[in-house]
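S.K.: Submitted below is the structure of interest, expressed as structure tokens.
The values are calculated or read from the model by the stated rules, or taken from the named source; none is laboratory data. Everything numeric in this text was worked out from a predicted model, so none of it was measured. When we count neighbours, we look across all protein chains shown, and the Cβ atoms used for this are built from the backbone with ideal geometry, even at glycine. SASA here: full protein model, heavy atoms, side chains in, ligands and nucleic acids out. Shrake-Rupley method; radii C 1.70, N 1.55, O 1.52, S 1.80 Å.
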Amino acid sequence: MEVAIGLAGWAMGSFCSSLPASAHDTLLNRFCQRDSVSGLANRLSSGAHIYLPGSNEFNLSTTRWSTLDAPNVTITVEPATENDVAETVKYANERGIPFIAVNGGHGAITTVGGVKNGIEIWMRSLNKVAIAKDGKTVTLGGGVLAKSVTDTLWRAGKQTVTGGCECVSILGPGLGGGHGFLQGRYGLISDQFVSMNLVRADGSINTIDRTSDLWWAMQGAGHNFGIVTSVTSKIYDVKYPNWAYQSFIFTGKDVEGLYGAINDHLLKNGNQPVNIMEYSFFFNSPDIDPKNPVIMFFILQEGADVVDEKYTAPFTALGPVVSQAGAGDYTQIPEWTGNALTSPPCQKSGLVNTRFPIDLKTYNTKAQREVYDLFSSTLRQIPALNGSLFLFEGYPLQGVQAIPSDSTAYPFRDNHLLVAPLIIYKWNGDKLEKQAKELGEKLRQILFKASGMKELDTYVNYAFGEETVKNWYGSEKWRQDKLRQLKDKYDPKRKFSFYAPIA
Ligand SMILES: Cc1cc2nc3c(=O)[nH]c(=O)nc-3n(C[C@H](O)[C@H](O)[C@H](O)COP(=O)(O)OP(=O)(O)OC[C@H]3O[C@@H](n4cnc5c(N)ncnc54)[C@H](O)[C@@H]3O)c2cc1C
């Protein structure tokens with residue numbers, strides 16, 4: 001079958017002869033001398049595409065939210081069918097070429113940089129959203145992004161758990177758990193999965209559900225076990241279409257007051273109301289404070305047109321420098337919170353975006369002061385980092401905790417807060433990279449020490465990349481053993497070992 005090659009009119013011969021000499025020992029061997037792209041093309045469906053370096057689509061497919069340690073790929077395959085994914089995996093295996101699935105391109109963990117001269121399997125076209133006739137499930141293509149799921153379901157009076165950002169996929173977050181605004185009601189993204197089509201390491205396509213021993217791993221450590229070409233997930237009638245928000249900006253003097261009030265009035269030791277989401281971040285806003293970061297704080301309430309005063313009053317009493325309120329429906333949340341398709345996090349602007357996550361149970365106000373002061377002083381000393389943020393997310397937990405912890409590979413159902421310095425900079429050499437890493441690590445270590453927690457739990461989808469397998473997947477021995485046994489059984493040759501790999 002014919003496949004549209006991204007670089008129009010380029011026969012393989014001209015591609016090979018145009019390669020720079022420096023590429024010959026790797027690219028040339030793999031793609032030109034021993035085989036050709038047409039060898040792969042012949043195995044794919046007529047709607048599939050192969051994009052070569054230099055084409056617009058290749059550039060688009062390989063442009064990532066974070067540029068640090070991006071996968072190095074020499075062709076992109078855009079499958080049009082689930083079988084195209086399987087054929088690409090088989091093709092890569094036959095030639096010993098590494099491959100990686102790419103979806104929204106927001107996976108920033110540095111381990112993906114382990115892909116060298118690989119094939120990118122760009123999931124963009126596997127984007128169906130098909131609601132079942134009984135209205136209880138939806139089948140999603142393996143490349144679908146959050147916005148299209150939310151919007152399609154909304155038009156049918158339905159919803160399900162997605163991440164909060166419109167340009168992030170369902171499966172990128174979902175295979176590692178997946179947090180979202182509706183998790184208090186229904187659990188994590190992965191808790192919604194009912195069955196999935198999975199291309200395994202040997203290139204076979206399998207439909208799996210909870211009857212498979214692999215199912216446990218797909219709900220929290222799924223990036224390690226295959227490429228999901230489609231997934232069927234639970235959906236729900238929209239019961240509370242309306243949402244309200246109130247946002248506040250505080251200056252640094254209010255650090256203790258703000259985080260103490262969140263503990264006392266919202267978080268309540270893991271008992272945050274099911275219809276409340278709160279989050280905050282430190283960021284520089286020289287108009288408000290030319291010297292130090294300020295703190296943006298949001299409260300979102302489901303089923304309300306105004307956030308209840310009992311939730312806002314403690315924060316109003318602190319005397320924010322700015323306060324704003326609004327209301328609308330669920331689909332507008334990304335716009336309010338700066339996570340819409342047009343918002344900065346959805347633009348891939350050539351920056352390094354590295355997070356250093358840590359899960360917490362509560363805010364230690366002394367430690368919050370310490371990290372604020374360190375964040376502030378370091379950004380002043382190193383202006384190249386001054387676009388950085390420090391994120392603190394408090395989602396409701398009822399739906400997450402309703403599911404037994406040992407029933408899925410997602411390990412941190414008992415934790416209450418997702419916290420992460422997000423160190424942002426334009427790459428400018430090893431020195432700055434080291435400084436950025438040192439800052440991120442120092443910040444989370446301060447919080448870790450003050451937390452009294454025994455283990456550093458780091459949400460896998462926010463991970464930097466140098467954490468341990470225990471940090472990502474839970475420190476319990478049985479979890480580690482179970483993951484390794486499944487890995488040995490389903491991916492003995494470690495083909496899926498680039499995104500937070502299980503050893
Ligand atoms: C702006 C922003 C907002 C975010 N919001 C949230 C949020 O609300 N909730 C949350 O939990 N996380 C959130 N995250 C973190 C997010 O879960 C991870 O960054 C995730 O890796 C992004 O998925 P992606 O598809 O966009 O990225 P990609 O880089 O395309 O994918 C990440 C990895 O997932 C794997 N993968 C992707 N698709 C498939 C598939 N179909 N089958 C098998 N493996 C696959 C691949 O290993 C790939 O390397 C956010 C991240 C950013 C940058």
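S.K.: Quickly run through the stretch 151-187 and pick out the residues that are within 13 Å of the ligand (Cβ to nearest atom) and closer than 22 Å to Gly303 by Cα.
M.R.: Within the stretch 151-187, Val161, Thr162, Gly163, Gly164, Cys165, Glu166, His179, Gly180, Phe181, Leu182, Gln183, Gly187 meet the criteria.
S.K.: While we're looking at this one, here's another question. Checking the condition surrounded by fewer than 19 Cβ atoms within 10 Å (Cβ to Cβ) and either out of contact with any Gly (no Cβ under 9 Å at 6 or more places or on another chain) or touching a residue at least 60 places away in the same chain (Cβ under 8 Å) (or both), which residue from Pro286, Pro320 passes?
M.R.: Pro286
To keep it simple, each residue is scored yes or no on (1) within 30 Å of Val322 (Cβ to Cβ); (2) at pLDDT below 95; (3) assigned by TED's automatic domain parsing to the domain that holds Thr408.
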| residue | (1), (2), (3) |
| --- | --- |
| Cys165 | yes, no, no |
| Gly172 | no, no, no |
| Gln192 | no, no, no |
| Asn197 | no, no, no |
| Arg200 | no, no, no |
| Asp213 | no, no, no |
| Gly220 | no, no, no |
| Thr232 | no, no, no |
| Tyr259 | yes, no, yes |
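S.K.: Pairs needed: first member in the stretch 400-428, touching a residue at least 12 places away in the same chain (Cβ under 8 Å) and closer than 17 Å to Ala221 by Cα; second member anywhere, assigned to a strand (DSSP E or B) and open to solvent by less than 10 Å² (accessible area, probe 1.4 Å); C-beta distance under 7 Å; at least 6 residues apart or different chains.
M.R.: Phe412/Asp359
S.K.: Quick check: anything in the stretch 175-198 over 28 Å from His416 (Cβ atoms) and either open to solvent by 20 Å² or more (accessible area, probe 1.4 Å) or within 17 Å of the chain's Cα centre (by Cα) (or both)? Don't jump to the end; show me each part of the working.
M.R.: Of the stretch 175-198, the ones over 28 Å from His416 (Cβ atoms) are 195-198.
Next, from what is left, pick out any that are either open to solvent by 20 Å² or more (accessible area, probe 1.4 Å) or within 17 Å of the chain's Cα centre (by Cα) (or both): 195, 197.
Checked the stretch 175-198: at least one residue is over 28 Å from His416 (Cβ atoms) and either open to solvent by 20 Å² or more (accessible area, probe 1.4 Å) or within 17 Å of the chain's Cα centre (by Cα) (or both).
S.K.: Can you tell me which residues in the stretch 457-475 are open to solvent by 20 Å² or more (accessible area, probe 1.4 Å) and of a type in the set (A, V, I, L, M)?
M.R.: Within the stretch 457-475, Val469 is the sole residue that qualifies.
S.K.: Moving to a separate point now. With respect to Thr152, is the statement that it is open to solvent by less than 30 Å² (accessible area, probe 1.4 Å) and farther than 18 Å from Trp65 by Cβ true?
M.R.: no
S.K.: Keeping to the stretch 81-99, report how many residues are open to solvent by less than 20 Å² (accessible area, probe 1.4 Å) and of a type outside the set (Gly, Ala, Ser).
M.R.: Qualifying residue count, the stretch 81-99: 7.
S.K.: Which one is most open to solvent (accessible area, probe 1.4 Å) among residues in the stretch 476-503 that are basic (Lys, Arg) and within 16 Å of the ligand (Cβ to nearest atom)?
M.R.: Residue satisfying both the conditions and the ranking: Arg494.
S.K.: Any idea which residue in the stretch 135-145 is nearest to Ile227 (Cα to Cα), counting only those that are open to solvent by less than 10 Å² (accessible area, probe 1.4 Å) and assigned to a strand (DSSP E or B)?
M.R.: Among those that are open to solvent by less than 10 Å² (accessible area, probe 1.4 Å) and assigned to a strand (DSSP E or B), it is Gly141.
S.K.: Test Leu266 against the criterion of being crowded, with 20+ Cβ neighbours inside 10 Å, outside the structural domain of Ala92 (by TED's automatic domain parsing) and more than 14 Å from the ligand (Cβ to nearest atom), and give yes or no.
M.R.: When the stated conditions are applied, Leu266 does not pass them.
S.K.: Filter the stretch 48-80 down to the residues that are open to solvent by less than 50 Å² (accessible area, probe 1.4 Å) and among the acidic types (Asp, Glu) and list them by number.
M.R.: Glu78
S.K.: Now, a different point. Would you mind telling me which numbered condition in (1) outside any helix (DSSP H, G or I); (2) under 28 Å from Gly474 (Cβ atoms) Gly328 fails?
M.R.: The number of the failed condition is (2).
S.K.: Output the residues belonging to the stretch 339-372 that are among the acidic types (Asp, Glu) and open to solvent by 70 Å² or more (accessible area, probe 1.4 Å).
M.R.: Listed by number, the list holds a single entry, Glu370.
S.K.: On to the next question. Only residues that are away from the ligand (no atom under 16 Å from the Cβ) and either of a type in the set (Ser, Thr, Tyr) or open to solvent by less than 50 Å² (accessible area, probe 1.4 Å) (or both): list them for the stretch 373-399, please. Before the answer, list the steps.
M.R.: As a first pass, look at the stretch 373-399 and keep what is away from the ligand (no atom under 16 Å from the Cβ): 373-386, 398.
Matches in the stretch 373-399: Leu374, Phe375, Ser376, Ser377, Thr378, Leu379, Ile382, Leu385.
S.K.: Since Ser190 meets every condition but one in (1) of a type outside the set (A, V, I, L, M, F, W, C); (2) within 13 Å of the ligand (Cβ to nearest atom); (3) over 30 Å from Tyr91 (Cβ atoms), which condition does it not meet?
M.R.: (3)
S.K.: Listed residues Ser195, Ser212, Ser148; which is among the hydroxyl-bearing types (Ser, Thr, Tyr), more than 9 Å from the ligand (Cβ to nearest atom) and part of a loop (DSSP other than H, G, I, E, B)?
M.R.: Ser212
S.K.: So if I check each of Asp289, Asp254, which one is under 21 Å from Phe375 (Cα atoms) and assigned to a loop (DSSP other than H, G, I, E, B)?
M.R.: Working: Asp254 fails: assigned to a loop (DSSP other than H, G, I, E, B).
Among Asp289, Asp254, only Asp289 is under 21 Å from Phe375 (Cα atoms) and assigned to a loop (DSSP other than H, G, I, E, B).
S.K.: What are the pairs with Cβ atoms under 8 angstrom where one residue, in the stretch 202-218, is open to solvent by less than 30 Å² (accessible area, probe 1.4 Å) and the other, located anywhere, is of a type outside the set (Gly, Ala, Ser) and part of a loop (DSSP other than H, G, I, E, B)? Sequence gap at least six, or different chains.
M.R.: Ile208/Leu214; Leu214/Phe225; Trp216/Thr408; Ala217/Phe225; Met218/Leu175; Met218/Phe225
S.K.: Part of a strand (DSSP E or B) and either in contact with a Pro (Cβ under 7 Å, 6 or more places away or on another chain) or more than 30 Å from Lys442 (Cα to Cα) (or both) - does that describe any residue in the stretch 333-352? Show your work before the answer.
M.R.: Narrowing the stretch 333-352 to residues part of a strand (DSSP E or B): 352.
Still in the list and also either in contact with a Pro (Cβ under 7 Å, 6 or more places away or on another chain) or more than 30 Å from Lys442 (Cα to Cα) (or both): none.
Checked the stretch 333-352: no residue is part of a strand (DSSP E or B) and either in contact with a Pro (Cβ under 7 Å, 6 or more places away or on another chain) or more than 30 Å from Lys442 (Cα to Cα) (or both).
S.K.: Could I ask something else about it? Inspect all residues belonging to the stretch 402-413 and state whether any of them is assigned to a loop (DSSP other than H, G, I, E, B) and open to solvent by 50 Å² or more (accessible area, probe 1.4 Å).
M.R.: Yes, because at least one residue in the stretch 402-413 is assigned to a loop (DSSP other than H, G, I, E, B) and open to solvent by 50 Å² or more (accessible area, probe 1.4 Å).
S.K.: Which numbered condition trips up Arg124, out of (1) more than 11 Å from the ligand (Cβ to nearest atom); (2) open to solvent by 10 Å² or more (accessible area, probe 1.4 Å); (3) within 18 Å of Val231 (Cβ to Cβ); (4) not acidic (Asp, Glu)?
M.R.: (1)
S.K.: Here is a follow-up. Of Phe225, Phe248, which residue is more than 30 Å from Ala313 (Cβ to Cβ) and at pLDDT 95 or above?
M.R.: Details: Phe248 fails: more than 30 Å from Ala313 (Cβ to Cβ).
Step by step, each of Phe225, Phe248 is checked, and only Phe225 is more than 30 Å from Ala313 (Cβ to Cβ) and at pLDDT 95 or above.
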